[in-house]
Amino acid sequence: MKNCIRLILALVIAGVAMSSSRAADPVSHRPNIVILLADDLGYADVGFQGCRDIPTPHIDSLARNGVRCTNGYVSGPYCSPTRAGLLTGRYQQRFGHEFNPSRANKAGDPIGLPLTETTIADRLRKAGYVTGMVGKWHLGEEPQFQPPQRGFDELFGFLAGARPYFSGKGSPILRGAKPVEEHQYLTDAFAREAVAFIENHKAHAFFLYLAFNAVHTPMEATSGRLEKFASISDTRRRTYAAMMSAMDDAVGRVLETLRSNGLEENTLIFFFSDNGGPTMKGTTINGSINAPLRGSKRTTLEGGIRVPFVVQWKGKLPADKVYDRSLIQLDVLPTALAAAGAPADAKLDGVDLVPYLSGKKAGTPHETLYWRFGDQMALRHGDWKIVRYDSAADDGQPGVAAPMKLYNLAADIGEARDLAKVQPDKVKELEAVWQAWNAQLVPPLWGGTGK
């Protein structure tokens with residue numbers, strides 16, 4: 001009888017051990033995934049892009065320990081459309097999310113990321129990940145569009161496109177569905193919450209979407225950081241620098257938390273901006289710089305759609321590598337799914353970047369990239385680009401698209417020499433490719449002027 005009891009106890013203990021092993025399996029076999037998204041960041045405003053007046057050591061460490069993508073793009077020159085493409089892995093124009101949502105766009109109709117779309121959080125949660133979102137949402141404010149209904153287990157952030165950085169009026173800060181009081185400077189609060197999410201879920205595979213509202217307006221910074229940049233004479237640029245410094249501090253806290261918990265080498269990290277800096281008239285200028293690119297947020301020129309872009313995955317991707325082939329934020333979702341061992345589907349427009357960035361796969365992730373933003377458009381095919389952009393970039397009338405132009409980006413990154421008149425056949429060839437893509441799209445679900 002005693003031997004029988006001992007056998008039963010041994011089987012129970014073995015079962016517990018096997019159960020514990022399964023619980024730990026997500027950590028030992030699947031990487032954590034972290035997206036660090038900046039808002040309205042200028043192309044020239046981080047150290048790894050050559051910035052000298054604003055130190056960004058923590059963001060720069062991602063480039064030093066990962067792959068800096070010099071031809072990294074986003075699929076829209078505005079906040080919400082880019083986020084819609086990011087979270088779905090699909091050109092947002094395919095499902096009508098072409099402009100920023102606003103209650104004023106279509107009175108009485110709920111507006112947000114269409115419920116027909118599956119998000120990266122939906123997919124990773126189904127694959128067994130804990131999913132968390134910290135920061136700015138901007139994909140719909142009605143309950144059905146909010147992060148807890150779009151695949152996120154946890155939320156700390158706000159739903160609108162912008163809000164003050166200090167406590168006061170503005171879009172409520174939510175923890176889940178519940179409004180909370182927040183008195184800390186918002187970028188610091190987001191860092192705190194991101195660190196807490198990692199600490200709380202370090203024993204399980206997790207997905208963290210940290211969507212900063214920095215460095216979007218309003219221009220507000222802490223006094224200590226403003227003092228740090230007292231040597232910058234331009235007031236707006238000084239505040240921008242202080243806000244950048246806060247975001248860099250937040251990135252540093254996230255990286256240190258991963259490092260101190262032994263998670264850094266098992267974490268796939270993306271850092272990029274949702275669009276270029278707002279630098280032209282007709283935009284709410286924040287003090288950003290897009291050099292050497294021409295154009296601004298709200299345009300399909302390079303300054304609106306090409307962004308600082310870094311991918312770090314220690315041990316899987318090379319360190320301090322520069323990758324110069326074209327890629328886009330739509331690639332983040334399929335890259336994350338492949339890393340997680342989760343299924344993708346044919347509807348996705350993005351691709352898994354790891355084989356390209358690691359050097360295991362030759363060629364380019366995308367021979368052709370496409371943009372449509374109201375009357376504005378662009379197509380990049382190899383080094384060639386056709387573009388019809390907001391005339392305000394040429395000091396013309398805001399909201400009116402300029403005639404189509406042709407640039408060779410390998411020779412003219414600043415889009416200064418229009419070749420349309422000397423190579424009309426190339427324009428026709430590329431426009432036909434764009435029109436074929438455009439024919440697959442749906443009309444915008446709500447209005448917008450492209451401003």
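Relative contact order, whole percent, for the range 178-269 stands at 35, derived from Cα pairs under 8 Å and 6 or more residues apart. Each Cα pair under 8 Å and six or more residues apart adds its sequence gap; the mean of these over the residue count of the range 369-438 is a relative contact order of 24 percent. Taking Cα atoms only, the orientation of helix 2-29 departs from the longest principal axis of the chain by about 10 degrees. Run through all the Cα pairs of the range 252-346 and give the fraction in each 5 Å bin from 0, expressed as whole percent. Reading the bins upward from 0: 2, 11, 17, 18, 16, 15, 12, 7, 2, 0.
If you take the Cα centroid of the range 38-77 and the Cα centroid of the range 187-201, the two points sit 22 Å apart. Counting only GluC sites (Glu not before Pro) that are in a DSSP loop and have at most 12 other C-beta atoms within 10 Å, tell me the longest site-free stretch of the chain. After excluding every exposed loop site, the longest remaining stretch is 182-366. Summing charges over all other residues whose Cβ lies under 12 Å from the Cβ of Val351, with Lys and Arg as +1 and Asp and Glu as -1, gives -2.
For the range 90-237, a Kirkwood radius taken over Cα pairs fed into Stokes-Einstein (10 °C, viscosity 1.306 mPa s) yields D = 94 µm²/s. Report summary: the helix-based calculation at 222 nm, which adds -39500 (n - 2.57) for every DSSP H run with n ≥ 4 and divides by the residues of the chain, gives -9000 deg cm²/dmol. Taking the charge dipole of the range 369-438 about its Cα centre, with +1 at Lys and Arg Cβ atoms and -1 at Asp and Glu Cβ atoms, the residue from Leu419, Val433, Met404 reaching farthest to the positive side is Val433. Normalising the average separation of contacting C-alpha pairs (under 8 angstrom, six or more residues apart) by the number of residues puts the relative contact order of the chain at 23 percent. May I ask you to list the trypsin sites (Lys or Arg not before Pro) in the range 51-106 that are in a DSSP loop and have at most 14 other Cβ atoms within 10 Å of their Cβ? Sparse-neighbourhood loop trypsin sites (Lys or Arg not before Pro): Arg52, Arg103, Lys106. Here is the list for the range 148-209: trypsin sites (Lys or Arg not before Pro) lying in DSSP coil, each with at most 13 other C-beta atoms within 10 angstrom of its C-beta, are Lys169. Kirkwood hydrodynamic radius computed over the chain comes to 22.6 Å, based on all pairs of distinct alpha carbons.
Most simply put, the range 29-365 has about 30% antiparallel DSSP beta bridges, counting only bridges with both residues inside it. Taking Lys and Arg as +1 and Asp and Glu as -1, the other residues whose beta-carbon sits under 14 Å from that of Gly295 total +1.
Taking other C-beta atoms within 10 Å as the exposure proxy, Ser233, Ser171 rank Ser233, Ser171 from fewest upward. Taken about its Cα centre, the range 89-243 carries a charge dipole of about 260 debye when Lys and Arg each add +1 at the Cβ and Asp and Glu each add -1 at the Cβ.
Each Lys and Arg Cβ is given +1 and each Asp and Glu Cβ -1; about its Cα centre, the chain then shows a dipole of about 700 debye.
Taking 23 Å as the limit for the C-alpha separation, the pairs Lys136/Lys405; Lys297/Lys321; Lys321/Lys360; Lys178/Lys297; Lys316/Lys360; Lys126/Lys178 exceed it in the case of Lys136/Lys405; Lys297/Lys321; Lys178/Lys297; Lys126/Lys178.
Which Cα, out of Pro218, Tyr78, Pro172, lies furthest along the positive dipole direction of the chain (beta carbon charges, K/R +1, D/E -1)? Of the options given, the answer is Pro172.
Gap in Å between the Cα centre of the range 377-451 and the Cα centre of the range 280-340? Centre-to-centre (Cα) distance: 19 Å. Ranked for footprinting exposure by Cβ neighbours inside 10 Å, fewest first, Cys69, Cys51 give Cys51, Cys69.
In the range 369-438, the alpha-carbon atoms span a convex hull of 82 Å³ per residue.
Laboratory data are not the source of any read-out in this text; all were calculated from the coordinates shown. In this text, all values refer to a predicted model and were calculated from it rather than measured experimentally. Heads up, the Cβs are rebuilt from the backbone with ideal geometry, glycines too, and the neighbour counts pull from every protein chain shown.
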